[in-house]
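The values are calculated or read from the model by the stated rules, or taken from the named source; none is laboratory data. Predicted, not measured: the structure shown is a model, and the values here were computed from it. Here the Cβ positions follow ideal geometry from the backbone for every residue, glycine too, while neighbour counts run over all protein chains shown. For accessibility, only protein heavy atoms count, side chains too; no ligands or nucleic acids. Shrake-Rupley method; radii C 1.70, N 1.55, O 1.52, S 1.80 Å.
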Amino acid sequence: AIPLWTFNACPGAIVTVSTTQQLYDAVAALQNGQEIVIEPGIYNITTINVPPGLDNIKISGSGTNSSNVILNGPGMNSTVNFGIKLTQVSNLVIKNITIRNVKEHAIIGDRLTNVTFDNVSLIDSGDQFLKINPDGPGNTNVVLTNSLIEYTSIAPDSYTNGVDYHLCNACVVRNTRINNIRSDSGLAGPAILIWRGSRDNIVENNTMSNNQRDISMGLEVSPTSTPDNRFGVVSGNIITRSGANNDVPIMIADSPGTIVTRNTIN
């Protein structure tokens, strides 16, 4: 199993915030070895840009219930594209928070190494909820675990995914619920999509319901000699199909060496 990275705080490096402005200020001033703890409440946000190049940091909601700390955007039809943006960050934990109501992505990142999203709820993002882009050398050991991704009804259009991992190596989606990734305007993208030169990734023990497509390891034939995805495991997932205009629950496309085992499809 791919391990979760563990944050190691520097002495006296915990910053506690209780207002939106304090949150912006703390993130802008964030240094290696620091943790930002967000007190319970609803924080009406625009994009939170984590400074690039940071290492060994943590952003967490106070307590253990993600619904106690809500980072709330102005809606899927707004001009706020992202909830949290990450660039070239390593050894990061984000946990115990909800991000909702943004135009494009609740969380977007690229060039990530050892990044864990634990007990996060991502709700009502206009495009992909968790999008990891293929910039630079790619991404390694990005883990989503113990979390929730869902539309409260359905997607505003078909350009959507719950998890969209590009150029990811040894990344994970585990113990997460993903619901209602579907559209009335066409076939929605897979709820979990791992592609664009990815390899050795794990999708395990997730619970998925009312999605038009659930898991896709690779999506299309790569234009290069490198497969869209290579190797990896899809295991122990429980998929419940409902509604109309559904496609396949698990697809393996240009993804040699991928193992699919012990999944339940109802």
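With in contact with a strand residue (DSSP E or B) (Cβ under 7 Å, 6 or more places away or on another chain) and of a type outside the set (Phe, Trp, Tyr) as the only criterion, which of ASN101, ASN77 stands out?
Details: ASN77 fails: in contact with a strand residue (DSSP E or B) (Cβ under 7 Å, 6 or more places away or on another chain).
When all the criteria are applied, what remains is ASN101.
Identify, please: which residue in the range 199-216 is of a type outside the set (Ser, Thr, Tyr), under 16 Å from the mean Cα position of the chain (by Cα) and not in a loop (DSSP other than H, G, I, E, B) and is, among those, nearest to ASP254 (Cα to Cα)?
Looking at residues that are of a type outside the set (Ser, Thr, Tyr), under 16 Å from the mean Cα position of the chain (by Cα) and not in a loop (DSSP other than H, G, I, E, B), I get ILE215.
Can you list residue pairs whose Cβ atoms sit under 8 Å apart, with the first residue in the range 247-260 being polar (S, T, N, Q) and the second being in a loop (DSSP other than H, G, I, E, B) and open to solvent by less than 60 Å² (accessible area, probe 1.4 Å)? Count only pairs 6 or more apart in sequence or on different chains.
Going by the 8 Å Cβ cut-off, the qualifying pairs are SER255/GLY218; SER255/PRO227; SER255/ASP228; SER255/GLY232; THR258/GLY218; THR258/GLY232.
Pick from LEU122, LEU92, LEU54: which is farther than 22 Å from SER18 by Cα and either open to solvent by less than 20 Å² (accessible area, probe 1.4 Å) or more than 14 Å from the chain's Cα centre (by Cα) (or both)?
Details: LEU122 fails: farther than 22 Å from SER18 by Cα; LEU92 fails: farther than 22 Å from SER18 by Cα.
From the options LEU122, LEU92, LEU54, the qualifying one is LEU54.
Which numbered condition in (1) modelled with pLDDT under 95; (2) hydrophobic (A, V, I, L, M, F, W, C); (3) under 18 Å from CYS171 (Cα atoms); (4) open to solvent by less than 20 Å² (accessible area, probe 1.4 Å) is the only one that ALA13 fails?
(3)
From (1) under 19 Å from TYR151 (Cα atoms); (2) buried (at least 23 other Cβ atoms within 10 Å of the Cβ); (3) aliphatic (A, V, I, L, M), pick out the condition that doesn't hold for ALA244.
(2)
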